[in-house]
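Written below as structure tokens is the structure these notes are about.
The values are calculated or read from the model by the stated rules, or taken from the named source; none is laboratory data. Computed from a predicted structure; not experimentally measured. Methodologically, a virtual Cβ is constructed for each residue, glycine included, from the backbone with ideal geometry; neighbour enumeration extends over all protein chains shown.
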Amino acid sequence: MDLILEGIKKAFWLLITFDPEVMGITLLSLEVSGIATLVSLLIGISTGVTVALSRFIGKRMVVSLINTGMGLPPVVVGLFVTLFLWRNGPLGFLEILYTPTAMVIAQTIIATPIVMGITLAAIQQLPQKLRLQILSLGATRLQMVWILIKEAKLPLLAAVMAGFGGVISEVGASIMVGGNIKGYSRVLTTATVLETSRGNFDVAIALGIILLLLAYLVNLILTQIQQRERPR
Amino acid sequence: MKRRIGQKIFLSGVVVSFLFITGVFSVQAREKTVILATTTSTQDSGLLDVLLPIFEKETGYFVKTIAVGSGQAMAMGEKGEADVLLVHSPEAEKKFMAEGYGINRRLVMHNDFIIVGPPGDPGKIKGAKSCVESFKKIASAKALFFSRGDHSGTDVKEKAIWEAAGINPEGEKWYRETGLGMGQTLNVAAEKKGITLTDRGTYLALKKNLGLDILVEGDAVLLNIYHVIEVSPGKWPRVNSAGAKAFAGFMVSKETQGVIKTFGVDKFGSPLFFPDAGKKDEELGEKIITKFQAPKSK
């Protein structure tokens, strides 16, 4: 119990003194997971909507694959990204293993199926007739998609939160492809692992608390946007 | 009005993400980056946090430390995925060198392994002189023992001692493999009140939260020697050999050896590592081991 109190005190202290190292780690977490979420939104929403609105053979197969992808284990993603980015791997010439860029790539791979799956479900649960109605009122196909996305705003923002939540809290892939390098690719989760193995439990708890605060703040903002106009 | 606010939010989002991307994607020039594959003990003890900033400031190189077990570090070296290694698994290192994966293997420092366990001493081994004997006692008492199980230097050493004792603990109920680094394994052993083999540096660094006592120390078998090895550029042309050479040279330099000598004294009352640059492996015999017999305690 003492240790937890000690950790809370430490977290408070690190925050009010703007400890440069902790600030750097926090900002990098936000940067890496933020960009990964943005990219996964672009890919996930566009693909999700496309799959939801089109009919083709093997669609169920694709949907089940996407849904499986929602539970993609981060360490497996980390392993494969590492194998690809190795100096002697197929993408080795890029020389980006053990960089924040590699972490963005891994986290994007983790977040994309989550966003895609939720988007898919969100668009599919809209009434079929809505599409016909929009089209019959003279909207172009693009306009129709835009209106559908707006209709599905609530679950889509949930997709953003789930995607962001999935990657900011992820440690397996980040430590493998980022290397947990001090002042360069160390994020809140990997720093927590390190401090725990160093036996600095108070710092580890403090980092954990900062991570929770950060996740809470981001979700608070997203929830504000989500709940701004309560539909119907 | 609402729409305009929405647009503003969207636009500022784009601008901010652009700034993020340019920030994140500013990758260091390749020839200025050195990948150091090393054991967890050099990172967990905090030694590298002290040494690396000095090296980076002096040379302008940027060191990417990948802290894994010695086994994995050497596997990275074999594939040319690391430029320089700082490892403590002499037998495996010799094989690594013989196969031509490394050049310029040099002695950097040593400390020693110790057997630690709960104060109750379940294996009744406290104060034993022989490490092999105490392992035999642990086995016959079926005292809970935690192994790293990760092919790290410590793990290899432990397996060698079991072999010398003529015991195969694999699969025994009292023998458990954590698959974790040294620090985490110590935490597990502390929590489960088990015995484990650890390097002294990591133990001293974590001691305050562990509640584990030193049970056996000072046996010549328990010497723990760290070498720096440059990965051979002959096998993998992408290896940054200039950077590796600079780092290896730095580790054995007089100044660095001085830092190693005093590292940890203020915090733990005794040094965590003993500098050995320039010495030969054979010189590190029992003479040095005796130094550990009476560790200063604070």
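Here are a few things to note about the model shown:
- Selection from the range A:99-157 of residues that are surrounded by fewer than 23 Cβ atoms within 10 Å (Cβ to Cβ) and in contact with an Asp or Glu (Cβ under 8 Å, 6 or more places away or on another chain): A:126, A:130
- So residue B:260, is it surrounded by 22 or more Cβ atoms within 10 Å (Cβ to Cβ) and closer than 15 Å to residue B:51 by Cα: yes
- Of all residues in the range B:204-216 being modelled with pLDDT of 90 or more and either in contact with a helix residue (DSSP H, G or I) (Cβ under 8 Å, 6 or more places away or on another chain) or at the interface with another protein chain (Cβ under 9 Å from one of its Cβ atoms) (or both), the one that is surrounded by the fewest Cβ atoms within 10 Å (Cβ to Cβ): B:214
- Just one of the numbered conditions (1) modelled with pLDDT of 90 or more; (2) in contact with a helix residue (DSSP H, G or I) (Cβ under 8 Å, 6 or more places away or on another chain) is not true of residue B:252: (2).
- Any chance residue A:181 is of a type in the set (A, V, I, L, M) and touching a strand residue (DSSP E or B) at 6+ places or on another chain (Cβ under 7 Å): yes
- Options A:11, A:52: the member that is closer than 17 Å to residue A:190 by Cα and assigned to a helix (DSSP H, G or I): A:11
- Any hit, the range B:210-220, residues being of a type in the set (A, V, I, L, M, F, W, C), over 23 Å from residue B:75 (Cβ atoms), in contact with a Leu (Cβ under 9 Å, 6 or more places away or on another chain) and part of a helix (DSSP H, G or I): yes
- Verdict on residue B:99 being over 28 Å from residue B:284 (Cα atoms) and surrounded by fewer than 16 Cβ atoms within 10 Å (Cβ to Cβ): no
- Checklist (1) of a type in the set (A, V, I, L, M, F, W, C); (2) surrounded by 16 or more Cβ atoms within 10 Å (Cβ to Cβ); (3) under 16 Å from residue A:200 (Cα atoms) applied to residue A:52, failing item: (3)
- Among the residues listed as A:195, A:170, the single one being at pLDDT 90 or above, surrounded by 14 or more Cβ atoms within 10 Å (Cβ to Cβ), under 24 Å from residue B:188 (Cα atoms) and touching a helix residue (DSSP H, G or I) at 6+ places or on another chain (Cβ under 9 Å): A:170
- Yes/no for residue B:249 being touching a Pro at 6+ places or on another chain (Cβ under 9 Å) and either surrounded by fewer than 23 Cβ atoms within 10 Å (Cβ to Cβ) or away from every other protein chain (no Cβ under 14 Å) (or both): no
- Taken over the range B:223-262, the residue count meeting the criterion of being basic (Lys, Arg) and within 13 Å of residue B:277 (Cβ to Cβ) is 2.
- Search result, residues across the range A:154-177 that are over 17 Å from residue A:42 (Cβ atoms) and part of a helix (DSSP H, G or I): A:154, A:155, A:158, A:165, A:168, A:172, A:173, A:174, A:175, A:176, A:177
- Of all residues in the range B:67-80 being within 14 Å of chain A (Cβ to nearest Cβ) and surrounded by 24 or more Cβ atoms within 10 Å (Cβ to Cβ), the one that is nearest to residue B:148 (Cα to Cα): B:69
- When residues of the range B:176-194 are limited to those that are more than 20 Å from residue B:69 (Cα to Cα) and away from chain A (no Cβ under 14 Å), the one surrounded by the most Cβ atoms within 10 Å (Cβ to Cβ): B:194
- The condition of being away from chain A (no Cβ under 14 Å), more than 29 Å from residue B:96 (Cβ to Cβ) and of a type in the set (Ser, Thr, Tyr) holds for residue B:130.
- Scope the range B:26-66; condition buried (at least 23 other Cβ atoms within 10 Å of the Cβ), within 10 Å of another protein chain (Cβ to nearest Cβ) and either at pLDDT below 90 or on the phi > 0 side of the Ramachandran plot (or both); matching residues: B:40, B:43, B:44, B:45
- Here is the figure for the range A:90-144: residues that are within 14 Å of chain B (Cβ to nearest Cβ) and either in a helix (DSSP H, G or I) or modelled with pLDDT of 95 or more (or both) total 12.
- Where a residue in the range A:181-204 is within 23 Å of residue B:56 (Cβ to Cβ) and its partner, wherever it lies, is assigned to a loop (DSSP other than H, G, I, E, B), with Cβ under 7 Å and at least six apart: A:181/A:98; A:185/A:98; A:185/A:99; A:185/A:179; A:186/A:180; A:190/A:171; A:190/A:180; A:194/A:180
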